[in-house]
Structures are given as C-alpha cells and as structure tokens.
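> Mind looking over this structure? Questions follow.
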Amino acid sequence: MSHSANVLRPEEYYIEEEPYYEPVGTEIAVFEAAYRNGLPILLKGPTGCGKTRFMEHMAWRLKRPLITVSCHDDLTASDLVGRFLVKGGETQWVDGPLARAVRAGGICYLDEIVEARKDTTVVIHPLADDRRVLPMEKIGELLEAGPDFCLAISYNPGYQSVLKDLKQSTRQRFIALEFDYPDAALEQKIIEKEAGVDADLARKLVKFARMTRNLKGSGLDEGASTRLLVHAAKLISSSIDPVTACHTAIAQALSDDAEMLTAVNELSASLF
C-alpha cells in the first residue's frame, strides 16, 4: 500500500490572466483582510451574480492556486478529503481536492455547499475555526493548514429549502460576504464588456432582467441573472434576433411553465 499525496501541479490551478470583475462594494478589501487573518469566507447570493468570478479574481489577486468544487447531492466527505484507489494492482491513497488545496497552500472554493451531503460540513468545521486542521482519519494524518490556505464556500439563501439551509454551527465560523445583482448602470457595463455589445442593447437587457426579477415569488423561483444576460447578449452579437435570444438564453432557463414562458416572452417583445 502506498501513499500518493498527488501534489498540485501549479500550472493547473493558478490563474494567469486577470479575470474581469467589477467590485460592487468593499468585498475585495474584506476578502483580503480575512485571507491575511486566516479566516474562512462565505459568499451568499443568487445564482449567476458573480460569486465564482469573484473567487477567480481573488485567486488571481492573491496569486494562489484555486480549486473549485461544485457541490451536489452525491458529494461525500471522502470526495473532498481523499480515498484509497487501486492502481496497477496496488492500493494507493489519493488526496481529494480539499486535502490538495491544504497541502498546496491554495484556495478551496466549495460552491453551493448546502447541496452536498451533511457529512461534508462536519469535515470542514476544524478547518474553519482556530484549529485550521483537516483530520484524515483513514490514513491517521492530521493535516495542518499553512498561512496561505483559504477556505471559501458559497450558497444561495433565497433558493434553498428549509432542509437545505446552512447550519448555524457552520455559518458562525465564516466571514460572510453578501452578493446580489449589480445596480443597473454597473450591470449594463458588465454586459457591454463581457459580450462586446453596445450600450443601447445592454441597457434593454438590464431593463428586461429587472422585469423578470419582479416576478420572483409570483411564478418564478429566480429572475434573470447577470450571467444569463451575458449569454443572451452574446447570441444577439452573433446575429440572433433579440426576442429569440431572450427566449432561448433567459426565458427557457427560468421556467418550464407554458404560461410563465409566454409572460416572460411578452416582456422581451415589449422591449425589442
């Protein structure tokens, strides 16, 4: 039996070019201060509002490798920490993404943490308080996080069911940064930059998004995210009719309900 720590190959996880990110408030300064003090960070906000892009931007700013884990129903503690695998006839221990990030002094970003199984939050607790350790019980190792390691998690509080909320025992270990969709002028600027479209089109898309967000709770679980607006703008810049682009990139992503789709399509038709 051998132990394979499979250390990070830096080129895989370092972000070389600056990811485009428009600050909305003091989030960059707060993140940097938390990082310097070894404090874990919780990003909360709706889907598609820029949380992942922010993490990429911060990894680039801090010049640290970034390992992102998209959490899901089947994600277990072993998926994060590591497991024994049979390779070439012998059993090897292989670190999971969390262990790799701790060893490399990187940033581990657990996206939509509440989607993962409950045992995963138990694993991150000792990393997210003063101990800053990762117990690896299967190999009898207590992995200590160095000063460069950072744990970040995200979740969408408006979308979770009562069963999938973040427990207080987890939340109270983290510095929380709240994200939301940017104000209209900033959102317009982001769409222009990301999709390479003119101001008039970007402004209409933002107006359309505001209309859909007003329907949240009245037939829609979520309104159009900034990400969806960028998708629609890219289609339009590739000569797709604006109403068709809004239907395929935005309306269909928001709902499967025929009446709701008709209502959302009427909103876009009123603008384009």
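The values are calculated or read from the model by the stated rules, or taken from the named source; none is laboratory data. Computed from a predicted model, the values in this text were never measured in an experiment. Positions of Cβ are generated from backbone atoms using ideal geometry, with glycine treated the same way; all protein chains shown enter the neighbour counts.
> For region 93-116, enumerate the residues that are β-branched (Val, Ile, Thr) and over 22 Å from residue 167 (Cα atoms).
Result: 94, 102, 107.
> Is it the case that residue 176 is closer than 17 Å to residue 50 by Cα and at pLDDT 95 or above?
Yes, satisfied.
> Looking at residue 225 and the list (1) among the small types (Gly, Ala, Ser); (2) over 30 Å from residue 151 (Cβ atoms); (3) out of contact with any Asp or Glu (no Cβ under 6 Å at 6 or more places or on another chain), which single condition is not satisfied?
In the conditions (1) among the small types (Gly, Ala, Ser); (2) over 30 Å from residue 151 (Cβ atoms); (3) out of contact with any Asp or Glu (no Cβ under 6 Å at 6 or more places or on another chain), residue 225 misses (2) alone.
> Can I ask one more? Among residues belonging to region 78-95 that are surrounded by 21 or more Cβ atoms within 10 Å (Cβ to Cβ) and free of Cβ contacts under 8 Å to residues at least 60 places away in the same chain, point out the one that is farthest from residue 147 (Cα to Cα). First the steps, then the outcome.
Looking only at region 78-95, we keep the residues that are surrounded by 21 or more Cβ atoms within 10 Å (Cβ to Cβ), and these are 80-82, 95.
After this cut, where a residue has to be free of Cβ contacts under 8 Å to residues at least 60 places away in the same chain as well, the list is 80-82.
Working: 80: 20, 81: 19, 82: 22 Å.
Out of the qualifying residues, it is 82.
> Right, here's the next one. Can you tell me which of 195, 176 is farther than 17 Å from residue 228 by Cα and in contact (Cβ under 8 Å) with a residue 24 or more places away in the chain? Full working, then the answer.
On the way: 195 fails: farther than 17 Å from residue 228 by Cα.
When all the criteria are applied, what remains is 176.
> In this structure, does residue 53 turn out to be closer than 18 Å to residue 13 by Cα, in the same structural domain as residue 149 (by TED's automatic domain parsing), at pLDDT 95 or above and not acidic (Asp, Glu)?
The answer is yes for residue 53.
> Check region 136-150 and report whether any residue there is within 19 Å of the chain's Cα centre (by Cα) and either surrounded by fewer than 16 Cβ atoms within 10 Å (Cβ to Cβ) or part of a strand (DSSP E or B) (or both).
yes
> Only one residue in 243, 197 is among the β-branched types (Val, Ile, Thr), assigned to a loop (DSSP other than H, G, I, E, B) and surrounded by 13 or more Cβ atoms within 10 Å (Cβ to Cβ), so which one is that?
197
> State which residue pairs qualify: first residue touching a residue at least 24 places away in the same chain (Cβ under 8 Å) and not assigned by TED's automatic domain parsing to the domain that holds residue 22 and inside region 209-238, second residue outside any helix (DSSP H, G or I) and among the β-branched types (Val, Ile, Thr) in any location, beta carbons under 6 Å apart, and separation of 6 or more residues or different chains.
Matching pairs, first to second residue: 225/47; 233/197; 237/197.
> Can I ask one more? Only one residue in 35, 21 is among the hydroxyl-bearing types (Ser, Thr, Tyr) and without any contact (Cβ under 8 Å) to a residue 40 or more places away in the chain, so which one is that?
21
> Looking at 245, 145, 202, can you tell me which residue is at pLDDT 95 or above and in the same structural domain as residue 40 (by TED's automatic domain parsing)?
Within the list 245, 145, 202, the selection yields 145.
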